[in-house]
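Report on the following structure.
The values are calculated or read from the model by the stated rules, or taken from the named source; none is laboratory data. These numbers come from a predicted model, not from an experiment. Cβ coordinates were reconstructed from backbone atoms using ideal geometry, including for glycine residues, and neighbour counts include every protein chain displayed. Note: areas computed on protein heavy atoms with side chains; ligands, DNA, RNA excluded. Shrake-Rupley method; radii C 1.70, N 1.55, O 1.52, S 1.80 Å.
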Amino acid sequence: MLVLGVLAAACSAPPKAIVSFGSGKQFVPQVADFLDNTGVDPSVAVTSDGTPYVASFAFLEQLAEGQIAPTRPIGTPSLPSVGLISVKDGIWTRGGIALQANISNVNVPFTPAVEEDLKTMTAANVNGTALVADAQGHLHAAWAADSGIWYADDASGSFSATQILKQTPALTQMGPLGAPSVAVMSDGMAWVAYTVATAAGQVVTAASDVSGSWKSETVATIPLCRGCPQPYRTAVGVLGDGKPLVVYSDGKNVLAATPGKASTKKITWNVVTVESGADGAGLSLSVDPNGDPHVAYYAGTEVHTARSTGGGAWQVAKVADIGTGVNQTGRATGVAAVDATTVYVTWYDPGTDSVGLALGDGSYTAVPTSGTAGGDMPALAATSDGATVYLAWYDEVDQNLNLGTYGDVTGLAIANPSPVPTGPPSVAPPPSQGCTQAKNGTVSVTAQGIAFDTGCVQVPAGAAFTITFDNRDASTQHNIAIYTDSSATTNLFRGALLTGPATTTYKVPALKAGTYYFRCDVHITMNGQFVVK
């Protein structure tokens, strides 16, 4: 049986629901965050106690004319931000890694850093987050924004951020920064790899945190290549011998570099070929417990992996065929090597506009991922024993952050307010552009995907009316309450809580002409205008 822990901001909390998903290993999708435009460029890390954390960019939602912005619950980060979400025992915690500004008298979960330079971030000028957990359970994050390459960790109990590279106007003219990656050595020293466009080409850079001061090394310079994917993605990991490994693409080949002898001025990096003739887009890297690297990437219309055992030659394997589609910006892969023979790979398929998942080692078997349609930018992490795999992706249609769990669903805790995943995730109807009008004294409102299907309702003044309320969210309680204004201090009508899926009829007494406010008392982000005239 599956226990749904319900997290609600209401005076009358809904009861826990017991939902049967059978038994055995299954893929269960959830909506991790549905407020505003969240989930852009996600990354996933799992701490030693098995708790998943998801980092991603979050931005204000672009509203249509007349559409009402949803109320943001107390404690949510200011936007734009680098957000952070975790789920444990069925309870979501939504906070941040870094914010562009503090919110007065509000404590945001995870105690994020505050960096004013982040205020100019948009979904169009950022390029990737990266997240790892060290052996002590501390989180280390990196991201590429319009202002530069950033790093943050919570080793002190709260996040502190450092700008590794400042993006100058001259660099901006050359092109965007490449999506970064981050790795942590056993002594806690962090490495961040990324690419930066210069007049000489794409410079693959590895930066290390040496006693609190960041030192950058040029791994390679990739000559300008017409028609090659820009910018290039890099991946960094720490091998069994304690050395960092940087994997990158020159647009035609996948390459791997390790540091050699250090001179008085710089480190010489030794470069070997992982695979020739592969474009290497969407690179990802995981190091297994033996210290051997596993890489996933695109090779034309295929997804490949490569591994090197004991520092030997790289062995390449095909994971899946992919189609071609218009969305190439969402292409990304993820890889999680639980051990030498248990390797999970995820990727975005532009042909089906969905996210794939496979398990194997040299020979891969597809894992069904129902509910990922319309999703891209996947990221992957697994618990140390491989019992549970967490797959995050961005829902480009609804602009939500999704998190799928692949594991034994017996006893698995899934949290509300995510829609109950009985197949493809529930998709909320698009909000009405204008007010939903009453007809013959009755107005219809639907709740689905933790959202109303309208942000504005209009009824006649001076006459009693009826609200037909359809709650389509399984095992989730909603209601409709009408208040004088958004402060919700003076109630005009409160409908009884209804557990979905179910329909009810609310009889509402006549109201005077005016513009009021309605909401769900369980999920206060579900709200809108209530017009009486």
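At-a-glance table
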quantity	calculated
Amide hydrogen neighbours beyond the local backbone of Ile164, cut-off 5 Å, H modeled	Ile149, Trp150, Tyr151
Net charge dipole size for the chain [Lys, Arg +1 and Asp, Glu -1 on Cβ; Debye, nearest 20]	820
Extension reserve of the Glu116-Gln136 stretch, reckoned as 0.36 nm per residue once the Cα distance is removed	4.2 nm
Column: log10 I(q)/I(0), Debye, Cα scatterers of the range 79-176, q = 0.10, 0.17, 0.25 Å⁻¹	-0.28, -0.77, -1.41
Distant-in-sequence amide H partners of Val319 (H built 1.01 Å from N, under 5 Å)	Val303, His304, Thr305
When the convex hull of its Cα atoms is projected in every direction, mean area for the chain (nm²)	24.9
Anchor Lys507: lysines whose Cα lies under 19 Å away (excluding residues fewer than 8 positions away in-chain)	Lys439, Lys533
Accessible surface of the range 252-295, 1.4 Å probe, proportion on carbon and sulfur as whole %	49
Amide hydrogen neighbours beyond the local backbone of Ala447, cut-off 5 Å, H modeled	Asp470, Asn471, Arg472
Over the chain: helical MRE at 222 nm, DSSP H runs n ≥ 4 each giving -39500 (n - 2.57), nearest 500	-500 deg cm²/dmol
3J(HN,Hα) from dihedral phi, the range 162-168, Karplus parametrisation 6.51/-1.76/1.60, rounded to Hz, x for glycine, proline	10, 8, 6, 9, 8, 7, 8
³J(HN,Hα), Karplus 6.51/-1.76/1.60, whole Hz, each residue of the range 336-344, x for Gly, Pro	9, 9, 5, 8, 5, 10, 10, 10, 9
Portion, in percent, of the accessible area of the range 134-180 that falls on carbon or sulfur, probe 1.4 Å	55
Residue-normalised accessible area of the chain, given per residue in Å² at a 1.4 Å probe	41
Using a Förster distance of 60 Å, the FRET efficiency for Lys533-Asp339 (Cβ separation, nearest 0.05)	0.35
Unit charges at the beta carbon, dipole of the chain: most positive-side option, Pro460, Val295, Trp143	Pro460
Cβ-based net charge around Val295, under 13 Å, with every Lys or Arg adding one and every Asp or Glu removing one	-1
Extension reserve of the Lys266-Ala366 stretch, reckoned as 0.36 nm per residue once the Cα distance is removed	31.6 nm
Potential extension, Ala155-Ala123 segment - 0.36 nm per residue separation minus Cα distance	8.7 nm
